[in-house]
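Asks: The following block contains the structure, expressed as C-alpha cells.
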Amino acid sequence: MRDEFFLAAPCLVLCLLLSSCQAARQGQDIRCGACRALVDEMEWAISQVDPKKMIQTGSFRINPDGSQSIKEVPLARSEANLLELLETVCERMQDYGERLDSGSSRKSYLRIKSRTGEAMDLSEAKLDSSVTSSLKFTCESIVEQNEDEIIEFFSHETENVKDKLCSKRTDLCDHALKIPHDEL
C-alpha cells in the first residue's frame, strides 16, 4: 500500500502541475484574444468616422494677450471620441467566437459576424455564450486597467497597434509574434 502511494503521488503532482499550466495558458489566451479583438474593433470604429470632421480642443480661457489656446484635431482620433468608443467596444465581443489551434492547443478568437453582411467561414469557430461573456469581461478589465495606454496608441496613427499594445506595452500576448496578422 505504501509503495502504491509513492508511485501515485508523483503522478498526482504532475497532473496538478499540468492542469495549472493549462489554466494559466488559457487565461493568457483569452486576455491576448480580448486585447487583439479590442484593437480590431477600435481600428474599425475609427475608420468609420468621417476624416473631414474636426473637433476643437484645448483651453477656452482667454490668454492675457486676448487669444485662446484652441486647436482643431480630427474627430476620429480625438480623446473625446476614443473615450466614447471605449465605453461600447466591449459590447462587440459578442460577435466573436473561439478557435482552437490543433497544433499548439492555443485558443484564438475570431469575428463570427461580418460587418458587411458577407458570409464567413465558421467551420473552426466555437460559438458559445460562455466564450463571449468571458471575452467581454476580459475586454472590460483590459480597458479599465489600460485606458490611458489605449488612448495614447489610438490618438496617433500607429502601425501594428496589436503588437505594440497587446505584447510590448501590456504583456497580454507573449506569443503574439506567432499569431498571423489579419487585415481589416
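The values are calculated or read from the model by the stated rules, or taken from the named source; none is laboratory data. Predicted, not measured: the structure shown is a model, and the values here were computed from it. Neighbour counts are summed over all protein chains in view; Cβ atoms, including those assigned to glycine, are modelled from backbone coordinates with ideal geometry. Note: areas computed on protein heavy atoms with side chains; ligands, DNA, RNA excluded. Shrake-Rupley method; radii C 1.70, N 1.55, O 1.52, S 1.80 Å.
Asks: Can you give the charge dipole size of the range 17-143 about its Cα centre, rounded to the nearest 20 debye, using +1 on the beta carbon of Lys and Arg and -1 on the beta carbon of Asp and Glu?
Replies: My answer is approximately 200 debye.
Asks: Another one. Taking θ = phi - 60°, what integer Hz values does the Karplus form 6.51 cos²θ - 1.76 cosθ + 1.60 yield along the range 86-100, in sequence order, with x for Gly and Pro?
Replies: With coefficients 6.51, -1.76 and 1.60, one gets 5, 5, 10, 4, 6, 5, 7, 5, 5, 8, 10, x, 10, 10, 9 Hz.
Asks: Short version: ³J(HN,Hα) in whole Hz for each residue of the range 156-168, in order, from phi by Karplus 6.51 cos²θ - 1.76 cosθ + 1.60 (θ = phi - 60°), x for Gly and Pro, what are they?
Replies: 3J(HN,Hα) across the range 156-168, in whole Hz: 10, 6, 10, 7, 6, 4, 4, 5, 5, 7, 7, 9, 6.
Asks: Classify the range 114-155 as rounded, prolate or oblate from the Cα gyration tensor: take a ≥ b ≥ c as the square roots of its eigenvalues, call it rounded if a/c is under 1.5, otherwise prolate when a/b beats b/c and oblate if not.
Replies: In terms of gyration-tensor shape, oblate.
Asks: Counting only protein heavy atoms and using a 1.4 Å probe, what share of the accessible area of the range 25-184 belongs to carbon plus sulfur, as a whole percent?
Replies: Here carbon and sulfur together make up 47 percent of the probe-accessible area.
Asks: Provide the gained length on full extension for the span Leu83 to Asn160, in nm with one decimal, where the gain is 0.36 nm per separating residue minus the Cα-Cα distance.
Replies: Result for the pair: 25.6 nm of gain on full extension.
Asks: Given the pairs Lys53/Lys136; Lys113/Lys136; Lys53/Lys164; Lys52/Lys162, which are separated by over 20 angstrom at their Cα positions?
Replies: Distance filter (> 20 Å) returns Lys53/Lys136; Lys53/Lys164; Lys52/Lys162.
Asks: For the range 76-184, what is the accessible area per residue in Å², given a 1.4 Å probe and the full set of protein chains?
Replies: 63
Asks: Would the range 45-130 count as rounded, prolate or oblate if I go by the C-alpha gyration tensor, calling it rounded below 1.5 in a/c and otherwise prolate when a/b exceeds b/c, oblate otherwise?
Replies: Prolate.
Asks: While we're on this one: Leaving ligands, DNA and RNA out of it, work out the accessible area of Thr138 with a 1.4 Å probe and give it in Å² to the nearest 10.
Replies: 20
Asks: With the crude spin-label approximation of a point 7 Å out along Cα→Cβ, what separation in nm comes out for Glu149 versus Ser105?
Replies: 2.8
Asks: What are the trypsin sites (Lys or Arg not before Pro) within the range 27-58 that DSSP puts in a loop, where the Cβ has at most 13 other Cβ atoms within 10 Å?
Replies: Lys52, Lys53
Asks: If you plug each phi of the range 126-141 into the Karplus form 6.51 cos²θ - 1.76 cosθ + 1.60 with θ = phi - 60°, what whole-Hz ³J(HN,Hα) values come out, in order, with x for Gly and Pro?
Replies: Result, ordered by residue: 9, 9, 8, 5, 5, 5, 5, 5, 5, 5, 5, 4, 5, 4, 4, 5 Hz.
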